[in-house]
Amino acid sequence: MFHKEIGTIGVRLLVFSIIGSLLIFTIVSTLAIIYEYRQIRDDTLENLEILADSTRREIKDLLKYLQARVTDFSSDGRIKSTLKELRTGNPDRVEIIARLNDHLTKSKLPIFPEASEIFVLDLSGVALASSNPMQVNKDFSLSEWYTESQKETMVSDLARDPSDGEYQWF
């Protein structure tokens, strides 16, 4: 009888020990998982912030570069003299625009590989000349990028062209 009670008590102790161990293991495992989840989340957020800051700096550098290129283009003597010819009402307007288109295509576009197209717009937003002759005389005055560019004097932003989804800067 004494032997039987020890066996029953031993089995009970064994069961309670196993249950206690499983409970402790479950609690410790849960805490470890929660800690690791938070650690991974925090590390991921920190990495994303670093990536966002880096991307932001790269975009600012790109916009500064584009500003410098636009400034270079705006001081181009050939473009300026051609625009003066157009303002004077020269009867050879078609030939003058063709020369300016040619200048933009052959002299300016190759030295500005980031640009897919170069426009010369009048103050009302109409393309006087373009490296893509199909764009000449096209009215851009209602384009979001044009109206936004009227608020700025330098390249300062990126926008997506609704017609083809390509990014444009203004």
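The values are calculated or read from the model by the stated rules, or taken from the named source; none is laboratory data. Here the structure is a predicted model, which is why all the values come from computation and not from measurement. Each accessible area value is taken on the protein alone, full model and side chains, heavy atoms only, with ligands, DNA and RNA left out. Shrake-Rupley method; radii C 1.70, N 1.55, O 1.52, S 1.80 Å.
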Once the in-chain neighbours fewer than 8 apart are removed, the lysines whose Cα is under 26 Å from Lys60 read Lys108, Lys151
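Taking Cα pairs under 8 Å and at least six residues apart, what relative contact order does the range 55-132 come out at, in percent? Kindly include the intermediate steps, with their values, before the conclusion.
Numbers: 49 pairs, mean separation 17.4, N = 78.
Worked out over the range 55-132, it gives 22 percent.
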Reduced to Cα centres, the span from the range 84-146 to the range 26-70 in Å works out to 42 Å
Counting only protein heavy atoms and leaving out ligands, DNA and RNA, the solvent-accessible surface of Phe73 at a 1.4 Å probe, in Å² to the nearest 10, equals 20 Å²
Cα-based Debye curve of the range 27-95 sampled at q = 0.24 Å⁻¹ gives log₁₀ I(q)/I(0) of -0.98
Scattering profile of the range 59-114 from the Debye formula, Cα beads only, expressed as log10 I(q)/I(0) at q = 0.25, 0.27 Å⁻¹, is -0.99, -1.07
